[in-house]
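The next block holds one structure in the form of structure tokens; read it before the comments.
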Amino acid sequence: MHSDPHDHVHAGAEELRTALKDHGITLPSLGVDLPGFAGVYGVSLVALGNCNAATARRLAEVLRKAAAR
């Protein structure tokens with residue numbers, strides 16, 4: 001069976017959504033960047049979307065802790 005070439009971007013977005021959820025973080029606009037499907041960028045992109053300041057600080061905290069390991 002031949003898979004859709006864009007399946008990897010959907011899977012990547014879902015993996016990121018799950019990993020963020022594991023740390024209590026939700027990016028409401030996280031999803032697949034639709035212009036990427038049109039070939040504008042040459043690759044499919046994951047759109048991280050918008051978040052409020054508290055979520056941005058929490059994400060930065062988690063990334064700092066991970067980098068310190």
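The values are calculated or read from the model by the stated rules, or taken from the named source; none is laboratory data. Given the structure is predicted, the values throughout are model-derived calculations rather than measurements. Please note: Cβ atoms are built from the backbone with ideal geometry, for glycine as well, and neighbour counts cover all protein chains shown. The area values use the complete protein model at the heavy-atom level, side chains included, leaving out ligands, DNA and RNA. Shrake-Rupley method; radii C 1.70, N 1.55, O 1.52, S 1.80 Å.
A few notes on this one:
- Taking the accessible area of segment 5-68, probe 1.4 Å, and keeping the other protein chains in place, the carbon and sulfur fraction comes to 60%.
- Cα→Cβ-extended label distance, 7 Å offset, between Glu61 and His10, nm: 3.4
- Maximal additional length on extending the Ala54-Leu34 stretch stands at 4.5 nm, based on 0.36 nm per residue less the C-alpha distance.
- Its DSSP H runs of at least 4 residues, each contributing -39,500 (n - 2.57), put the calculated 222 nm mean residue ellipticity of the chain at -16000 deg cm²/dmol, to the nearest 500.
- Additional length obtainable on full extension of the chain from Val43 to Asp22, 0.36 nm per residue less Cα span: 4.8 nm
- Built from the Cα atoms of the chain, the convex hull projects on average onto 6.1 nm², one quarter of its surface area.
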